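Down below is the structure, laid out as structure tokens.
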Amino acid sequence: MRKLLRAALGAFAVLGVAAGSAHAEDKTIKMGTMSWEDLTPITGITKKVLEDAGYTVEVTSFSEWGIAYAALAKGDTQVMVSQTDYVAHDYWDKNKNRLEKISPVSHGLYQGIAVPKYVTIDSVDQLNEAADKFGGKIIGIEPGAGLMRDTANAVSAYGLKLQLVEGSTAGMTAALKSAVDRQDWIAVTLWDPSWMTQKFDVKYLKDPKGVFPPPQSYYWIGQKGFSEKYPHAREVMASVFVPITDITAINGAVKDGKSMDEAVADWIKGHADLIKRWEDVKKG
């Protein structure tokens with residue numbers, strides 16, 4: 001009987017070790033990000049906090065939401081930051097059965113049509129009155145951006161006679177700078193957080209029909225099951241919250257000549273106490 005009892009206890013011990021190993025949390029996180037000025041700082045800051053918690057973080061950068069979401073759904077990456085409510089809602093909705101929300105990480109993204117403050121109109125519904133002064137155009141960015149979709153909806157909703165011009169962020173920025181330098185009228189698609197709202201004295205046109213979304217939140221999202229498989233990593237990530245004004249400041253530093261890595265490192269150095277509080281709260 002004693003031999004049987006010892007054998008049974010030994011078997012349970014082996015099973016316990018095996019179960020513990022099966023549930024041991026992997027220490028490598030595959031993180032995706034879009035190469036955009038609002039998402040890169042959040043990614044860099046959270047990467048630092050995870051690394052301090054003992055994780056190895058491998059970051060892959062994407063240029064299009066469709067590719068980024070496909071990589072996350074397939075498991076090529078495990079987590080990324082996204083604005084699931086509006087900006088990337090279509091991609092989230094298409095893939096949400098294979099994904100999960102982990103935690104909010106920032107709030108305050110706003111997108112709309114902006115003009116220099118010296119322009120004497122204040123609302124989207126006044127654009128037609130001054131269409132000639134704007135050259136009959138609203139200068140846009142990349143055609144796949146959610147902002148372009150919303151602006152196209154605004155053109156339709158307000159019956160605007162101005163053409164929404166597809167292009168690039170760089171092209172829009174150059175056009176805005178050129179117009180401001182000459183004090184010309186210009187209407188552009190713009191967003192916060194952006195260094196451009198710091199650099200140029202602009203205002204968003206009021207949107208009385210509510211075509212553009214209200215201020216949006218950023219979320220860490222992951223492949224379905226991530227939080228269960230990585231409970232400590234999930235807690236570490238959930239402790240991080242980066243104010244939208246800090247994201248804008250980081251991008252202002254980049255515009256002034258720092259690399260994004262340098263700007264993020266300087267922010268982390270300047271907020272060491274905050275980082276420590278995040279890490280202390282979620283120590284495993």
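Observations on the model:
- Calculated P(r) tail over 13 Å for region 70-137, as whole % of Cα pairs: 74 percent
- The spacing between region 135-149 and region 51-102, judged by their C-alpha centroids, is 24 Å.
- For the chain, the carbon plus sulfur part of the accessible surface works out to 53%, probe radius 1.4 Å.
- Phi-based couplings in Hz for region 148-156 (Karplus 6.51, -1.76, 1.60; Gly and Pro marked x): 5, 4, 5, 5, 4, 5, 5, 4, 6
- Evaluating 6.51 cos²θ - 1.76 cosθ + 1.60 at θ = phi - 60° for every residue in region 168-183, the Karplus couplings come out as 9, 4, 4, x, 5, 4, 5, 5, 5, 4, 4, 5, 5, 4, 9, 6 Hz, glycine and proline recorded as x.
- The phi-based Karplus calculation (6.51 cos²θ - 1.76 cosθ + 1.60; θ = phi - 60°) puts the 3J(HN,Hα) values of region 134-146 at 8, x, x, 9, 10, 7, x, 10, 4, x, x, 6, x Hz, whole numbers, x for Gly and Pro.
- Estimated from helices alone, the mean residue ellipticity of the chain at 222 nm is -13500 deg cm²/dmol (sum of -39500 (n - 2.57) over DSSP H runs with n ≥ 4, per residue).
- If R0 is taken as 25 Å, the Cβ-Cβ distance between LYS203 and ASP132 corresponds to a FRET efficiency of 0.75.
- Cubic angstrom per residue, convex hull over Cα atoms of the chain: 142 Å³
- Over region 170-226, accessible surface divided per residue gives 43 Å², non-protein components excluded, 1.4 Å probe.
- Diffusion coefficient (Stokes-Einstein, Kirkwood radius over C-alpha pairs, 20 °C, 1.002 mPa s) for region 65-193: 131 µm²/s, rounded to a whole number.
- Built amide H within the under 5 Å cut-off of LEU109, gap 5+: GLN216
- Summarising the label geometry, the points placed 7 Å from Cα in the beta-carbon direction at THR60 and ASP90 lie 2.3 nm from one another.
- Peptide packing for 160-166, 29-35, 92-98 was compared via the average number of neighbouring C-beta atoms within 10 Å per residue; ordered from the highest value, the list is 29-35, 160-166, 92-98.
- Net charge contributed by nearby residues that have their C-beta within less than 10 Å of LEU109 (K/R +1, D/E -1): -3
- Built amide H within the under 5 Å cut-off of THR60, gap 5+: MET31, GLY32, THR33
- Take the Cα of ALA70, step 7 Å toward its Cβ, do the same at LYS27, and the gap between the two points is 3.5 nm.
- Using only side-chain charges placed at the Cβ, +1 for Lys and Arg and -1 for Asp and Glu, the dipole size of region 152-238 relative to its Cα centre rounds to 120 debye.
- Between the listed residues PRO193, SER227, MET237, the Cα displaced farthest toward the positive end of the dipole of region 139-284, a dipole computed from Cβ unit charges relative to the Cα centre, is found at SER227.
- Kirkwood-based Rg to Rh ratio, region 149-284, C-alpha trace: 1.06
- For region 37-167, accessible area per residue (1.4 Å probe, heavy atoms of protein chains only), Å²: 42 Å²
- Note on LEU274 and PHE241: the extension gain reaches 10.9 nm, defined as 0.36 nm multiplied by sequence separation minus the Cα-Cα distance.
- With both labels modelled 7 Å from their Cα along Cα-to-Cβ, the GLN163 to SER123 distance reads 2.8 nm.
The values are calculated or read from the model by the stated rules, or taken from the named source; none is laboratory data. Everything numeric in this text was worked out from a predicted model, so none of it was measured. For neighbour counting, all protein chains shown are included, and Cβ atoms are generated from backbone atoms with ideal geometry for every residue, glycine included. Please note that ligands, DNA and RNA were not included when accessible areas were found on the heavy atoms of the full protein model with its side chains. Shrake-Rupley method; radii C 1.70, N 1.55, O 1.52, S 1.80 Å.
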